[in-house]
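Reviewing the structure listed below.
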């Protein structure tokens, strides 16, 4: 099946769509599921998500959900591949095209063989890259509507060899909070700084002080990242502006660190601004929660991965990533596990030179099929 699935992947790669605007992608997925003879196909969940239900030969089993993400990134592609993006300013730089293709391959096989009892829900989710499409599908009642009892996800990972898997119990990807800090000063002539309250100086001190949260407030054994990613202020060489604006992200793996970071960020901003005579407003937004693998489903996923790859090619204690993943919402709603599958020595994720490695396809499809048939024994 690999050449056929690779063709689907490359077709999807040519037509990337951003966040919830995955209309062509969702139509392609739904058409393929119909072609495979999937029993029930529901579109428009979580705005543009697609769910297909494949019923086994035997009744009485539970329903297991298998999830792939559909959206691309706002990046101009630089791979030069024949199947490169045909949409300016968008590309599949995270491998969601490969994730969809592998789950479609599994859906085709499972719909043909149906060697299981119960049902498999193949979930194609929009807006993973910051839009919270997984949360939107849950809010639309996906879990209850289809009676999904367990849910599993998979993401390719550059640097892990093809044919290898990585997973761990507990936190595997971070919570991803965002902040906007607005420092309000008093503008004036740059040659007369004593008549002003300089928001750039106050903002610069805030940037530096925020780094003491992970270095001096957090337990060194608990991961915490505080990154200021934008600093916007002023428009001329000789004018001290009225205000400055900082934005950034906080990444944590445990709730205690998340609470600590939010509390200290607010306190540091207020105290530092006051020290410089400025005022500050902090907008702190909790975004994706921690992607937390449940114990029993993770043991099960490890067993499946080992059956596909060999036990020596499965890292059951892979280091957690500080990137975020909105499969976390599905794992909050139902027990399950999220695994990494090796993409080999490719460019990194979110890189304009990244491309999903089609050699991964047989390993990913085999994982999904073996997982479904083992979780739902006929």
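Among the conditions (1) surrounded by 17 or more Cβ atoms within 10 Å (Cβ to Cβ); (2) in the same structural domain as residue 128 (by TED's automatic domain parsing), residue 260 misses just one, which is (2). Put simply, of 258, 264, 286, 334 the only residue that is modelled with pLDDT of 95 or more, farther than 27 Å from residue 70 by Cβ and under 20 Å from the mean Cα position of the chain (by Cα) is 258.
Every residue, every condition in (1) buried (at least 19 other Cβ atoms within 10 Å of the Cβ); (2) outside any strand (DSSP E or B), yes or no:
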position: 204; (1), (2): no, yes
position: 209; (1), (2): no, yes
position: 219; (1), (2): no, yes
position: 222; (1), (2): no, yes
position: 226; (1), (2): yes, no
position: 236; (1), (2): no, yes
position: 267; (1), (2): no, yes
position: 272; (1), (2): yes, yes
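Across segment 148-163, the number of residues qualifying as crowded, with 19+ Cβ neighbours inside 10 Å and closer than 14 Å to residue 319 by Cβ comes to 2. The numbered conditions (1) more than 18 Å from residue 291 (Cα to Cα); (2) at pLDDT below 95 are all true for residue 130 except (1).
Taken together, the criteria place residue 128 among residues that are part of a loop (DSSP other than H, G, I, E, B), touching a residue at least 60 places away in the same chain (Cβ under 8 Å), within 14 Å of the chain's Cα centre (by Cα) and on the phi < 0 side of the Ramachandran plot. Would you say residue 177 is assigned to a loop (DSSP other than H, G, I, E, B) and either modelled with pLDDT under 95 or touching a helix residue (DSSP H, G or I) at 6+ places or on another chain (Cβ under 9 Å) (or both)? No, not satisfied. Restricted to segment 93-125, and to residues there that are assigned to a loop (DSSP other than H, G, I, E, B) and closer than 22 Å to residue 329 by Cβ, the residue that is farthest from the chain's Cα centre (by Cα) is 95.
Given the structure, is residue 12 surrounded by 21 or more Cβ atoms within 10 Å (Cβ to Cβ), within 22 Å of residue 151 (Cα to Cα) and touching a helix residue (DSSP H, G or I) at 6+ places or on another chain (Cβ under 6 Å)? No, not satisfied. If I ask for residues that are outside any strand (DSSP E or B) and either at pLDDT below 95 or crowded, with 19+ Cβ neighbours inside 10 Å (or both), which ones from segment 37-46 would you list? 38, 46, listed by residue number.
The values are calculated or read from the model by the stated rules, or taken from the named source; none is laboratory data. All values derive from a computational prediction rather than experimental measurement. For neighbour counting, all protein chains shown are included, and Cβ atoms are generated from backbone atoms with ideal geometry for every residue, glycine included.
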